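Laboratory data are not the source of any read-out in this text; all were calculated from the coordinates shown. Because the structure is a prediction, the values reported are computed rather than measured. Every residue, glycine as well, gets a Cβ built from its backbone with ideal geometry; the counts of neighbours run over all protein chains shown.
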Amino acid sequence: MIYRIKIEGKECNDNYTFETPREGDILDELKDILEEVEAGNIDKVEIAREA
């Protein structure tokens, strides 16, 4: 499955794709993103799943 992820903030601005299972577990990726949100480095997150 492919996910399109867009993050915006003071420290992080990125648009990228994440493919499971090749790149790992999406939940681990989301955990890392949420840690950056809590640290104040990311203000906005958009995630879209593609078939």
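Testing GLU8 on (1) on the phi < 0 side of the Ramachandran plot; (2) in contact (Cβ under 8 Å) with a residue 24 or more places away in the chain; (3) exposed (fewer than 13 other Cβ atoms within 10 Å of the Cβ), one condition comes back false. Which one is that?
The single condition GLU8 does not satisfy is (3).
Between LEU34, LEU27, which is part of a helix (DSSP H, G or I), free of Cβ contacts under 8 Å to residues at least 12 places away in the same chain, exposed (fewer than 10 other Cβ atoms within 10 Å of the Cβ) and within 10 Å of the chain's Cα centre (by Cα)?
Result of the check over LEU34, LEU27: LEU27.
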